[in-house]
1. Note the listed values (i) 26.8; (ii) 29.7; (iii) 28.4, then indicate which one is Kirkwood radius over Cα pairs in Å calculated from this particular structure.
2. Using θ = phi - 60° and the Karplus curve 6.51 cos²θ - 1.76 cosθ + 1.60, what whole-Hz ³J(HN,Hα) does each residue of segment 481-487 get, with Gly and Pro shown as x?
3. Of 78, 141, 609, whose Cα points farthest to the positive end of the dipole of the chain (charges on the beta-carbon: +1 Lys, Arg; -1 Asp, Glu; origin at the Cα centre)?
4. For residue 530, enumerate residues with amide H under 5 Å from its amide H, sequence gap 5+ or separate chain, H modeled in the peptide plane.
5. Given Cα pairs under 8 Å that are at least 6 residues apart, what percent is the relative contact order of the chain?
6. Non-local amide H neighbours of residue 384 (under 5 Å, H modeled in plane, Pro and chain starts lacking H): which ones?
7. Please arrange 318, 148, 446 by counting, for each residue, the other beta carbons lying within 10 Å of its beta carbon, fewest first.
8. Hey, fewest Cβ within 10 Å first, where do 710, 486 land in order?
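What follows is calculated from the coordinates using simple rules that are stated; it is not laboratory data. Worth saying up front: this structure is predicted, and the values here are computed from it rather than measured. FYI the Cβ positions are ideal-geometry reconstructions off the backbone, even for glycines, and counts take in every protein chain you see.
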Amino acid sequence: MEREARNERRLSGIGGFPPRSWRRIAVSLMAALLLVSVWTAWPSYGAVPKLDTIRVAIFIDLPKYKLNTATGTFSASGGLEIGVRQPSGVQPLLTAKAGETVRFTLDDYKVRVFESADFSKALAAAKRVKTAGGSPFLTSASKGGLVYQVQEGSYPTAAAAKTAAAKWAGDGTLSSITGKADSTVTGPMHLEAGAYASLEEARAAAAAFGAAGLDAYAARKQSGTAAAVYTVLVGSATDSAGLAAVKTAAAALPEGAALQAADTAASSYLLMLEDYAVTGAPNAPQALYALPASGTKVWIRSTSEGGIKFAERYGRSYRGQFEVSGLNGKLTIVNELPFEQYLYSVVGAEMPASWHAEALKAQAVAARTYALYQGFGFQVAHVVDTVLSQAYGGISAEKPATIKAVDATKGEVAMYGGKLIETVFSSSAGGATAEAQEIWSSAVPYLKTVKSPDEVSEKGLYKWYRVVLPSGVNGYIREDLLASTDEKTPAGSPIMSVKGNGVKVRPIPLVQDAVAPLSQVNSGTRVVVLEKVTQSNEMSWVRGPFTSSELLATIKGKVKTAVQGPIRTLEISKTGPSGRPTEIKANGSVLAVGNPDAFRSAFGGLPSTNFRIDETSRMAIAGAAGTAERTSGSAGFIVQGGEGNAEEIGGSQLYIMNGKGEIRAATKEPSFRFVGNGYGHGVGLSQYGARGLAEAGYDYQYILQYYYKDVTIGKE
């Protein structure tokens, strides 16, 4: 199976039954389940894997997962201890006072866009860089006086930095601030000036080199198991020729002749800078430490009960410690903490703490098993903090109920054939879970389709009416904004009246602030009702309608063979055991995707894998010569009335009635709506289904064994 695709659990899901049919199925399902004993015995397995601590990558750059940051900013109410992690243990380097903020970046290639003794100009330049999408640093240096240096970015190579430099040189707004149109590239190659007894001495020595026009910075250096010392790193060269030029320029100074190339392979170091980019005040710098892009692992710990606050990840606070290093030329930030405490947060991030305790316990066992199954899956970490692994939000995601659920199931995992299983889960299966094969084209014996009581997500939600306006436009209006009337159309459709002015008509049954309404209507407006549905939610949803050109744009690059010409038809040609589409044809040709799960992204990010397609221009028309199916908007509509007069139908919206008297909205030109159920890929445990089962009286062991077929629950 394709693990990455499986793990994108919160993108979508769907069930294969219409709402009324599902209600009947749900009743039957619950009746059947009540015949089964709530208690399920399970054996103990001494071979269950154990993990004392887990490493969670918060920012990392790998082929299968990329989430980057140029800086890592930390603080703790109890202060921070900063050291270098080595095989022999952590060697202390520095400390930060209670509440003090410290930032880290890589000592790599950067673009120096400005250098000036004028703080206000330097700050304006840094702000412009940030506004234009860059990552600015505003640091100070002594060069015969205090100067401010504006640097941008974190680049793995000189070539990448040169490309960025050209961009900043061409920024007219930046040039108007700096008064120049060139930017230079600085690099990680330095000369070292020896050891100093204190930070003050190192900074004084750096100032002496700076007076000669050289970049020079105090640094904290650690070699082997020896105590850390202060040193000075001179120059910011991008290559050996540049470093030789620095050495020549420094040779005339008293300490210049003794300078040697810094040996980053044998020693770890932190350049000690002061950065004003965040505070914007000349008297309030933050400590900024630059570490080598490889070979150095900075370890950050705190004894603070509130954990360590990490600004770049939504300002969240975390248990445990942090490791900051360089990997593949990018800053890598890993949170290491006790495994069971990690689960406190995962359960809270994946499932509301207000849900039934048995559902939370099921989630705890699933999360524990899933993390153990992944192994060391991200080169320097077991997992990441997003749904590519499972959601992890630090201390803020923990709640007393989630902690209790983890503690109550400590050490328990799901196993099949004596081995850990991959406990994939999604938000809602939409009435029935999917088999692994129909989603990822690979069968897994314990991932089979089962009915799922996911309708619990619809409790308390508004109903919406799909209505036709006097203008002919159709869309959705929420039930509380409409009033019933005694009127009906000649075809028998109910007519309702709008309550209030400025009532918005939505394209789907959901308020979307970022999506413009189709229209607005005022009090008293009469509208014709086409259908009544539940507000789009994890159980049922609507997306669209999409035009041919809109779908072509979303499909582009996501199918192996491009669709030629406009999309005239889009139909599900094959389905899997749970009713989910496994093959879809556009214009009669199969859309070739890696696996059926890819249909979600191909069609613009559908909520789930279970949906049907409403081809709005497809219709069967009964005429004098029999019944013909119309699939494209290319042909015109000519209707002959009882008096024999032929007339072409105008307008883009059509409303047609079938033999049962049901009215459907149609269009002259092809467009496509997706109507579905569920949220996520739909394989394995359904979180809303687990809630439904728990509320029906089932315990977490039964829930797990219901969704993962023939598994046992192992415990140390």
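1. It is the value labelled (ii).
2. Ordered by residue, 3J(HN,Hα) equals 9, 10, 10, 6, 10, 8, 8 Hz.
3. 609
4. Distant-sequence amide H within range of residue 530: 466, 467, 468.
5. Result for the chain is 18 percent.
6. 57, 389, 390
7. By the 10 Å Cβ count, ascending: 446, 148, 318.
8. On the way: 710 10, 486 6.
Ascending Cβ contact count within 10 Å gives the list 486, 710.
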